[in-house]
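The values are calculated or read from the model by the stated rules, or taken from the named source; none is laboratory data. Computed from a prediction, not measured in an experiment: that's the story for all the values here. Here Cβ is always computed from backbone atoms with ideal geometry, including for glycine, and neighbour counts include all displayed protein chains. With ligands, DNA and RNA removed, areas are computed over all heavy atoms of the protein, side chains included. Shrake-Rupley method; radii C 1.70, N 1.55, O 1.52, S 1.80 Å.
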Amino acid sequence: MDGVTTIVFFHAHPDDESSQTSGAMARAAKEGHRVVVAYGTHGDHGEVPDDLAPGETLVDRRRAEAEASARAIGTQRIAWLGYADSGMTGWDQNNDPGCFHQAPLDEAAQRLAAVLDEEDADILTCYDWHGGYGHPDHVKVHQVGHRAAELAARRPRLLESTMNRDRMRMWSEAMKADGEEGFDPDGPMDDGNPMGTPEAEIHWEVDVSDFLDQRRAAMQAHASQVTDIGMFMAMPPEVFAAAFGTEFYIEPGRPAGLTKGWWLDS
């Protein structure tokens, strides 16, 4: 793709970009494209760190962490849709009328479409149909992303970030063979569905192995979220590279078949 492309990466919470699309974000930024991240929520039901300053809220901290992540990646703009975090599946927060999960679809989509229009965005990324693992806010990202693409003044090319279920199964089996505790990507996740997407339904395998330092720095920027970030940072370098050196995307409407390449070259 010639010239400067504007890409809006849409995520549920600050820190989701670091583990899901920060490689593609950093790659696009290095190539001179305009990278924008939009968050559906403030992440206000994430982990609360012990070192909040007097008067500092978790939302304050997470917004600052999002800015630090953006600097590490090369993101040029952060946009917030302004909804409350819906919490994990089954939490009381799922029913909060101000949360992202409960937001009227067209209302939330109009907020995202406004960002797309302001940027005259060429590409929008969201999540697969069940948000990878069924989290209410992640499912909403899929729904809102698709609707916003329809409402935008100029419809962007749409990509869905996902996890390759077949690769995760392979890694799990390899871990068990080495005597380590594996995991079951085929087991029920938050919404009862398996994790991610079968490889046969994925269109793009993107090599982001040259951007592992940026990915690690983006994750470290979200240090308040100790459970997830701590787990990622504890990975040996070779395991981190295997887990985060590749990103997978679905492109609705594209013929079936996995392409190993960079969707900006298409």
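Within the stretch 46-82, being touching a Gly at 6+ places or on another chain (Cβ under 8 Å) and without any contact (Cβ under 8 Å) to a residue 40 or more places away in the chain holds for one residue alone: Val59.
Evaluated against (1) assigned to a loop (DSSP other than H, G, I, E, B); (2) at pLDDT 95 or above, Ser161 falls short on exactly one condition, (1). All of (1) within 15 Å of Ser161 (Cβ to Cβ); (2) free of Cβ contacts under 8 Å to residues at least 12 places away in the same chain hold for Thr246 with one exception: (2). Somewhere in the stretch 111-130, is a residue open to solvent by less than 20 Å² (accessible area, probe 1.4 Å), out of contact with any strand residue (DSSP E or B) (no Cβ under 8 Å at 6 or more places or on another chain) and part of a loop (DSSP other than H, G, I, E, B)? The answer is yes; a qualifying residue exists. A count restricted to the stretch 224-258 and to residues that are surrounded by 13 or more Cβ atoms within 10 Å (Cβ to Cβ) and over 17 Å from Arg157 (Cα atoms) stands at 18.
For the stretch 1-23, a tally of residues being closer than 26 Å to Leu105 by Cβ and open to solvent by less than 10 Å² (accessible area, probe 1.4 Å) returns 9.
Each row is one residue, and each column tells you yes or no for (1) open to solvent by less than 10 Å² (accessible area, probe 1.4 Å); (2) at pLDDT below 95; (3) of a type in the set (Lys, Arg).
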{"position": "Glu56", "(1), (2), (3)": "no, no, no"}
{"position": "Ser69", "(1), (2), (3)": "yes, no, no"}
{"position": "Gly90", "(1), (2), (3)": "no, yes, no"}
{"position": "Phe100", "(1), (2), (3)": "yes, no, no"}
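When the stretch 131-155 is filtered for residues that are within 17 Å of the chain's Cα centre (by Cα) and part of a loop (DSSP other than H, G, I, E, B), the ones remaining, listed by number, are Gly131, Gly132, Tyr133, Gly134, His135. Within the stretch 186-223, restricting attention to residues that are closer than 20 Å to Gly132 by Cα and among the acidic types (Asp, Glu), the residue that is most open to solvent (accessible area, probe 1.4 Å) is Glu201. Checked against (1) over 29 Å from His146 (Cβ atoms); (2) touching a residue at least 40 places away in the same chain (Cβ under 8 Å); (3) assigned to a helix (DSSP H, G or I), Ser224 meets all criteria but (3). For the stretch 236-266, the set of residues classified as over 24 Å from His146 (Cβ atoms) and in contact with a Ser or Thr (Cβ under 6 Å, 6 or more places away or on another chain) consists of Gly245 only.
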